Amino acid sequence: MKTGSYRNIATGLVTAFCLAAGGYGIAGTAAANDTGVPDVVTAAQEATSQEPRRDLSYYASNLHLAYIRTDSRTINNDAERGLGNLSRALAGRTSVEPSGVVGLDIEQDELSPFPFIYWPVEASTAPLSETAREKVRAYVNRGGVILFDLRGGQYAATTGNPALRNILETVRLRPLKQVEEGHTLTQTFYLMGGLPGSQNNSPVWVETADRANSENISAVIIGNRNWAGAWAARTMLPDSRDHEMALRAGVNMVIYALTGNYKSDEIHIPSHDEKRSLQSAP
């Protein structure tokens, strides 16, 4: 799979839809349904993770959201249910229609078919084998986006979480910076001030977006906001504003993984400024 192929497949359709549906970019726009209640899946409807197919060509025409499986059934269930809800939000609000959710074994499964991977990191996360390390390096170098979520743990750019630090040393990241309002991640579909999850009292970090051969994107997003728990609505009411905003952050992250930095082009700056003035209007 050549560099950037994740986004080349989806950029045309997603870009056209996002520009045509500009109203969705205004902060505070309601979810795209008839009731005004954010899309959510109940426990009885929660998504079931699929085992990865060995015929990888299947994923070229069937987009799946993926996560790295852990030893914790609770964490895996949150990831499955959360990504299932996020898939439904994408299908209902954008031209992106994921076909399902896939749980990946980092040691055994191929990463390349999946443009966006959610990776919950626990203190007990085992060091990667050299084979897995090489897969992760190749994945980010080819333009894939990984969301590392410490789910309430701690992360600092200098000290770091030991398990996460082991993974990041594998990837050999460029310097990290905090996500601030105006970063492409905050405006790929919805205009947002950040990337909220269920715990929002710490910064979100991204790789400086100047990696060669990655279409000028941040290949790695890092935070401890328990995004999967927020998408799954396990820690909040299904119709809460927090759940809705977390879903919007997830929509932005997936579209960013599919389209890259097209929203940072100068041609889009006037429309973003106009939308921000609208959202501040009485």
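The sole residue among Glu122, Glu97, Glu110 that is more than 18 Å from Leu65 (Cα to Cα) and surrounded by fewer than 18 Cβ atoms within 10 Å (Cβ to Cβ) is Glu122. Out of curiosity, is Leu128 assigned to a loop (DSSP other than H, G, I, E, B) and in contact with a Ser or Thr (Cβ under 8 Å, 6 or more places away or on another chain)? Answer is yes for this residue.
Only one of the numbered conditions (1) over 20 Å from the mean Cα position of the chain (by Cα); (2) at pLDDT 85 or above is not met by Leu111, and that is (1).
Is there a residue in segment 76-86 that is touching a Lys or Arg at 6+ places or on another chain (Cβ under 6 Å), surrounded by fewer than 19 Cβ atoms within 10 Å (Cβ to Cβ) and not in a loop (DSSP other than H, G, I, E, B)? So far as segment 76-86 goes, yes, one or more of its residues are touching a Lys or Arg at 6+ places or on another chain (Cβ under 6 Å), surrounded by fewer than 19 Cβ atoms within 10 Å (Cβ to Cβ) and not in a loop (DSSP other than H, G, I, E, B).
For the condition surrounded by fewer than 21 Cβ atoms within 10 Å (Cβ to Cβ), at pLDDT below 80, part of a helix (DSSP H, G or I) and not aromatic (Phe, Trp, Tyr), Ala44 qualifies.
The values are calculated or read from the model by the stated rules, or taken from the named source; none is laboratory data. Model, not experiment: these values are computed from the prediction. Cβ coordinates were reconstructed from backbone atoms using ideal geometry, including for glycine residues, and neighbour counts include every protein chain displayed.
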